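Encoded as structure tokens, the structure appears first; notes follow it.
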Amino acid sequence: MKNILLDLALIIDLYPLDNSEKAPESASVYQALIQSDDYQVYITSASLLELESKQIERLKQVSPLLTIEKIREKTQVFFKNLCTEIKIAKTPAYIDLEIGDIKIAQMLAAVQAINGKILTKNPRYLEQYPNDFISIDTCLNAIEQAPISIDFANLKKQYWALQPQIERQIDEVLSNTAFVMGQKVTELEQTLCDFTNANHVISCSSGTDALLLAMMAMDVEPDDEIITTPFTFIATAETIALMKAKPVFVDVDPVSYNLNPDLIEAAITDKTKIIMPVSLYGQPAEMDKINAIAQKHNLKVIIDGAQSFGATYKGKQEVHHCDIYTTSFFPAKPLGAYGDGGAVLTQNDGYAKKIAMLREHGQRKRYHHDYIGMGGRLDALQAAILLAKFPTYASEIKQRQAVAKAYTLALSKQFKTPDIASDCQSVWAQYTLRVPNRAAIQAHLQKQGIPTAIHYPMPLHLQACFQYLNFSEGAFPVAELLSKEVISLPMNPFITPKQIDYIVLTLKEMLTR
Ligand SMILES: Cc1ncc(COP(=O)(O)O)c(C=O)c1O
């Protein structure tokens, strides 16, 4: 994703946008930019006033009988239309007033804030600031010759799509200086409660801390046993060990790659306290079976939903299928902040009250501490960013689902594609295939500009940090096989059909080698 700021002369060329006769090169570069998936076009906020007066002038010339109200109305329509294609770049406070020419200083500051280039026809600008300005020809060449570029999570595209909302939210926090807890955090928790129909959402500092808070609320003690999957991110079992409890691994199901319920009962002892399934890649585990086992043996259930916020099982959000559900707002997660963040969700009033205290050093009121807790709050800036992102989250989930569907349609005959149970809705944190010759496929894709990732190359029971559990290879054969075969393809709401075609074609090329 690249950003191009149009200098005012160029906008005036284009204006009234349908006047391509007047400046055909400006019109053609503009069209190329607008049609490219890789570029976002901007004008500076400072140029709006000048553009407005030009527009009014023109309207008066063309239709001298127009009333001032009509002119205003038409100008408003003009700007609204313009802003469907072009975004507005602010002039940041760090504008360099030492540069004699304020207009240049303003453009340079604005383009720095969006990390882009200024498109101009002015040879003086091009000569004086070759790193910041580009000519129409250079820009056209760059667009035409750009190799296909695919971003794995495409956080940039999402940021540019939501930039005005994000900027507003950040400005509110900065100007209020309410950086910890406060209104943004409360508003986010309420928003997430409404979305999930949960009784309680307690935001916190990360998905890892959410797991710790959940276990602290359940009074996990040294030597308690917690049943979980070895095929997950380290945090799932690491937090169990951090609580001085014992992670008891149970192999995963070969279809869903989630905790295999049929193997759980054999792992239960009189020390077992909790079953902790993980909703891997965004798909819930078989919760009815897991809950039935938990009920039979009087165990609690925590779902590690770091990858699955928004997923459903039997039509309901996962918080309704466990005692505590935890999630992560790590930037690359489906609902990601711009730093660390997480949340604990529960229907249980007692847990909710305790977790809210635990995340603030176990305090009942300021400087009165009932529990040993932690500094585990979500900061207000992250809450604000999540609030800006939330209104589009449901549609982003749908877009992820559409991308997954397109991949599966194109690849399921040749590759082992993901299988989502008919009673589950995945949020597709990852789209993960199984391939026999993974290293070769990954290298080939990388060579063709397609990023991939491995989630995860080593199951947890074989990690050095868990050597003390005395597992050797062969202990959990499904997890071990998966760790050798899985490969995740680019997955985000912004992948275009053209990009999917390219990824599919590049993958299939490997079959003919
Ligand atoms: C399954 C799982 N659990 C826990 C976590 C930890 O979340 P965070 O990175 O927010 O601490 C992650 C994050 O990658 C995860 O994927």
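For the condition surrounded by fewer than 19 Cβ atoms within 10 Å (Cβ to Cβ) and under 30 Å from the mean Cα position of the chain (by Cα), what is the one hit in 38, 96?
On the way: 96 fails: under 30 Å from the mean Cα position of the chain (by Cα).
None of the others qualify; the one that does is 38.
Cβ separations smaller than 9 Å between residues 6+ apart or across chains give the following pairs from the stretch 221-246 residues that are touching a residue at least 40 places away in the same chain (Cβ under 8 Å) and on the phi > 0 side of the Ramachandran plot to residues that are more than 10 Å from the ligand (Cβ to nearest atom) and assigned to a loop (DSSP other than H, G, I, E, B): 223/244; 223/245; 223/271. In the stretch 341-350, of all residues being outside any loop (DSSP other than H, G, I, E, B) and within 16 Å of the ligand (Cβ to nearest atom), the one that is farthest from residue 380 (Cα to Cα) corresponds to 345.
Pairing residues of the stretch 425-445 that are farther than 14 Å from residue 457 by Cα with residues that are charged (D, E, K, R) and surrounded by 18 or more Cβ atoms within 10 Å (Cβ to Cβ), at Cβ distances under 6 Å and at least 6 apart in sequence or on separate chains, gives 428/400.
Residue 353 falls short on exactly one of the conditions (1) among the basic types (Lys, Arg); (2) in the same structural domain as residue 173 (by TED's automatic domain parsing); (3) not in a helix (DSSP H, G or I), and that condition is (3).
Taking (1) out of contact with any Asp or Glu (no Cβ under 7 Å at 6 or more places or on another chain); (2) closer than 26 Å to residue 99 by Cβ; (3) not hydroxyl-bearing (Ser, Thr, Tyr) in turn, residue 155 satisfies each apart from (2).
From the list 213, 174, 188, the lone residue that is in a helix (DSSP H, G or I), within 21 Å of residue 322 (Cβ to Cβ) and at pLDDT 95 or above is 213.
Would you list the helices (runs of 4 or more DSSP H) that sit entirely within the stretch 37-150 and hold 3 or more residues that are touching a strand residue (DSSP E or B) at 6+ places or on another chain (Cβ under 8 Å)? First the steps, then the outcome.
Values: elements: 47-62, 68-85, 102-113, 123-128, 136-145.
Here the list reads 102-113, 136-145.
A quick yes/no check of all residues on (1) modelled with pLDDT of 95 or more; (2) of a type outside the set (Val, Ile, Thr); (3) more than 16 Å from the ligand (Cβ to nearest atom):
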position: 209; (1), (2), (3): yes, yes, no
position: 218; (1), (2), (3): yes, yes, yes
position: 228; (1), (2), (3): yes, no, no
position: 239; (1), (2), (3): yes, no, no
position: 243; (1), (2), (3): yes, yes, no
position: 256; (1), (2), (3): yes, yes, no
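For the stretch 409-432, filtering for residues that are at negative phi and surrounded by 17 or more Cβ atoms within 10 Å (Cβ to Cβ) leaves 15. For the stretch 241-287, the set of residues classified as outside any loop (DSSP other than H, G, I, E, B) and in contact with a Ser or Thr (Cβ under 8 Å, 6 or more places away or on another chain) consists of 247, 248, 249, 252, 259, 275, 276, 278, 280, 281, 282, listed by residue number.
Which of the residues spanning the stretch 101-119 are among the β-branched types (Val, Ile, Thr) and more than 34 Å from the chain's Cα centre (by Cα)?
We begin by selecting, within the stretch 101-119, every residue among the β-branched types (Val, Ile, Thr); these are 102, 104, 111, 114, 118.
Selection gives 102, 104.
Inspect the stretch 309-323 for any residue being aromatic (Phe, Trp, Tyr) and within 16 Å of the ligand (Cβ to nearest atom) and give the result as yes or no.
First, pick out the residues of the stretch 309-323 that are aromatic (Phe, Trp, Tyr): 309, 313.
Keeping just the survivors that are within 16 Å of the ligand (Cβ to nearest atom) gives 309.
Scanning the stretch 309-323 turns up at least one residue that is aromatic (Phe, Trp, Tyr) and within 16 Å of the ligand (Cβ to nearest atom).
For the stretch 216-239, give me each residue that is under 19 Å from residue 371 (Cα atoms), crowded, with 24+ Cβ neighbours inside 10 Å and in contact with a strand residue (DSSP E or B) (Cβ under 8 Å, 6 or more places away or on another chain). Matches in the stretch 216-239: 217 only.
Against the list (1) within 21 Å of the chain's Cα centre (by Cα); (2) crowded, with 19+ Cβ neighbours inside 10 Å, the condition residue 451 fails is (2).
Among the residues of the stretch 51-59, is any surrounded by fewer than 13 Cβ atoms within 10 Å (Cβ to Cβ) and farther than 22 Å from residue 118 by Cβ? Give the derivation first.
First, the residues of the stretch 51-59 that are surrounded by fewer than 13 Cβ atoms within 10 Å (Cβ to Cβ): 53, 57.
Now narrow it down to the ones that are farther than 22 Å from residue 118 by Cβ: 57.
For the stretch 51-59, residues surrounded by fewer than 13 Cβ atoms within 10 Å (Cβ to Cβ) and farther than 22 Å from residue 118 by Cβ: present.
Assess whether residue 180 counts as being of a type in the set (Val, Ile, Thr), away from the ligand (no atom under 13 Å from the Cβ) and at pLDDT below 95. Spelling it out, residue 180 is indeed of a type in the set (Val, Ile, Thr), away from the ligand (no atom under 13 Å from the Cβ) and at pLDDT below 95. Exactly one residue out of 426, 395, 412, 422 is touching a Gly at 6+ places or on another chain (Cβ under 7 Å) and of a type outside the set (A, V, I, L, M, F, W, C), and it is 426. Answer yes if at least one residue in the stretch 288-306 is outside any strand (DSSP E or B) and within 16 Å of residue 232 (Cα to Cα), and no otherwise. For the stretch 288-306, residues outside any strand (DSSP E or B) and within 16 Å of residue 232 (Cα to Cα): present.
None of 45, 63 is modelled with pLDDT under 90 and surrounded by fewer than 17 Cβ atoms within 10 Å (Cβ to Cβ) except 63. Residues in the stretch 62-90 that are under 19 Å from residue 159 (Cβ atoms) and without any contact (Cβ under 8 Å) to a residue 60 or more places away in the chain: 83, 84, 85. Of the listed requirements (1) under 25 Å from the mean Cα position of the chain (by Cα); (2) surrounded by 18 or more Cβ atoms within 10 Å (Cβ to Cβ), residue 457 misses just one: (2).
Among residues of the stretch 258-282 that are over 17 Å from residue 222 (Cα atoms) and at pLDDT below 95, none has a Cβ under 7 angstrom from a residue that is among the aliphatic types (A, V, I, L, M) and buried (at least 21 other Cβ atoms within 10 Å of the Cβ) at a sequence gap of 6+ or on a separate chain.
The values are calculated or read from the model by the stated rules, or taken from the named source; none is laboratory data. Fair warning: this is a prediction, and the values are worked out from it, not measured in the lab. Because the Cβ atoms are built from the backbone with ideal geometry, glycine has one as well, and the counts that use them run over all protein chains shown.
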